[in-house]
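Accompanying notes for the structure given below.
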Amino acid sequence: MSDVPLLAVDGLRIDIGSGAQRHAAVEGVSFSIARGETFGLVGESGCGKSITALSIMGLLRQPLSLGGGTIVLDGQPIHKASAAEMRSLRGRRIGMIFQEPMTALNPLSPVGRQIAEMFVLHMGMGWKEANDRAVESLRQVRVPSPERRIHDYPHQLSGGMRQRVMIAIALACSPDMLIADEPTTALDVTVQAEIVDLMRELCAAKGTAILMISHDLGLVAQVCRRVAVMYAGRIVEQRASAEVFKDPRHPYTRGLLASLPRLGARSKQGRQRLNEISGVVPAVSAFPKGCRFNPRCTARTDVCMVEDPATTALDGGVGLVRCHNA
């Protein structure tokens, strides 16, 4: 892989609200993704993962706005791109699988036409050729009887089939990067595995990098080479996946890993009791003073209550943690 990253996000800030009521929902977020790499962004709901993805896609809408930082795709700054420039990039250079395909797909348009639109808009094909390519795209994502299925509407498909259609749309034009926002949400375990394997296989064939957004640490461990752990709008730990799972350094990361069920684990009563992180992610308007995790942290000290921790380099400079006691 090239030393120059395909995607570089530096000092990203996303504001919510306006005027005196403006708050930073995401602040100081930085990461990079190499060509062909699968990079994980994990954390609880409300930590800022999805809006980070939307900012990369240029899809932030009021009351959200880009408050600072840079987003560079293949050497091209896209954080200041016009709406027209972003429309040309979406689908052609960056594809996205949204969290809920039923709301992302147009309910009034057959799925085949929605796939064909990608070829018409970004590759200048006529509709007949685009429809033929749509059939082939459905075949690639292993939708049975694609010649018939292109005429189906989203409500006529199962959740797993709708997700396959989303993958077909996102990868239609062989983009450089795929953003997968909780791609297996609401799917049963067997279908989840099929979707993940399909996504990895197709991206590997096309050389597409993946930004995998998830709260499923098992999924991230399976597919991602590096991972960033996000909490309350900030990245608190970023390292190679193997190192995060072997030796988590931030108390939040340790809490997430401790909450995972363990096969074969049993208590004296014969049932496994899951650990949990007490409390909830704070509201954007109520981030605590000092470390943002301190109200929920069992390892907090006095300094955690008053001083915001700086970022510390780990693993020879290729990783980082944001904690006073790491």
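The values are calculated or read from the model by the stated rules, or taken from the named source; none is laboratory data. Predicted model only: the values in this text are computed from it and were never measured. Cβ sites come from the backbone with ideal geometry, for glycine too, and all protein chains shown count toward neighbours.
Does Leu64 qualify as being in contact with a strand residue (DSSP E or B) (Cβ under 8 Å, 6 or more places away or on another chain) and surrounded by 22 or more Cβ atoms within 10 Å (Cβ to Cβ)? So Leu64 fails the test.
Yes/no per residue for (1) surrounded by 16 or more Cβ atoms within 10 Å (Cβ to Cβ); (2) under 26 Å from Cys323 (Cβ atoms):
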site	(1), (2)
Pro183	yes, no
Leu187	yes, no
Ala193	no, no
Val196	yes, no
Leu211	yes, yes
Cys224	yes, yes
Ala232	yes, yes
Ile235	yes, yes
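Could you please let me know if Ile97 is under 18 Å from Thr208 (Cα atoms), β-branched (Val, Ile, Thr) and touching a Pro at 6+ places or on another chain (Cβ under 8 Å)?
Numbers: under 18 Å from Thr208 (Cα atoms): yes; β-branched (Val, Ile, Thr): yes; touching a Pro at 6+ places or on another chain (Cβ under 8 Å): yes.
Answer is yes for this residue.
Only a single item in (1) touching a strand residue (DSSP E or B) at 6+ places or on another chain (Cβ under 9 Å); (2) free of Cβ contacts under 8 Å to residues at least 12 places away in the same chain is not met by Met177, and it is number (2).
Of all the listed residues (Gly58, Gly95, Gly91), the sole one being in contact (Cβ under 8 Å) with a residue 40 or more places away in the chain, among the small types (Gly, Ala, Ser) and touching a strand residue (DSSP E or B) at 6+ places or on another chain (Cβ under 8 Å) is Gly95.
Can you tell me which residue among Asp3, Asp10 is of a type in the set (Asp, Glu) and modelled with pLDDT of 95 or more?
On the way: Asp3 fails: modelled with pLDDT of 95 or more.
After ruling out the rest, the residue left standing is Asp10.
Of the residues making up region 103-121, those that are surrounded by fewer than 16 Cβ atoms within 10 Å (Cβ to Cβ) and in contact with a Phe, Trp or Tyr (Cβ under 8 Å, 6 or more places away or on another chain) number 3. In this entry, Arg87 passes the filter for residues that are over 17 Å from the mean Cα position of the chain (by Cα), outside any loop (DSSP other than H, G, I, E, B) and over 22 Å from Arg239 (Cβ atoms).
Yes or no, residue by residue, for (1) over 28 Å from Leu138 (Cα atoms); (2) of a type in the set (A, V, I, L, M); (3) part of a strand (DSSP E or B):
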{"site": "Ile14", "(1), (2), (3)": "yes, yes, yes"}
{"site": "Ser50", "(1), (2), (3)": "no, no, no"}
{"site": "Ser65", "(1), (2), (3)": "yes, no, yes"}
{"site": "Val72", "(1), (2), (3)": "yes, yes, yes"}
{"site": "Gly95", "(1), (2), (3)": "no, no, yes"}
{"site": "Val120", "(1), (2), (3)": "no, yes, no"}
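Checking each residue in region 94-138 for being closer than 13 Å to Leu171 by Cβ and either out of contact with any helix residue (DSSP H, G or I) (no Cβ under 9 Å at 6 or more places or on another chain) or acidic (Asp, Glu) (or both) picks out only Glu136.
Kindly indicate which of Val143, Val165 is in contact with a Lys or Arg (Cβ under 6 Å, 6 or more places away or on another chain) and either closer than 19 Å to Gly95 by Cα or not in a helix (DSSP H, G or I) (or both).
Numbers: Val165 fails: in contact with a Lys or Arg (Cβ under 6 Å, 6 or more places away or on another chain).
Only one candidate qualifies: Val143.
The single condition among (1) touching a Ser or Thr at 6+ places or on another chain (Cβ under 9 Å); (2) modelled with pLDDT under 90; (3) within 26 Å of Pro107 (Cβ to Cβ); (4) not acidic (Asp, Glu) that Tyr153 does not satisfy is (2).
Within region 189-225, being without any contact (Cβ under 8 Å) to a residue 24 or more places away in the chain and among the acidic types (Asp, Glu) holds for Asp197, Glu201.
Taking the criterion of being under 16 Å from the mean Cα position of the chain (by Cα), assigned to a helix (DSSP H, G or I) and over 22 Å from Arg296 (Cα atoms), the residues of region 211-253 that qualify are Gly218, Leu219, Val220, Ala221, Gln222, Val223, Ser241.
If the requirement is being over 28 Å from Pro144 (Cβ atoms) and of a type in the set (Asp, Glu), which of these qualifies: Glu117, Glu37?
Glu37
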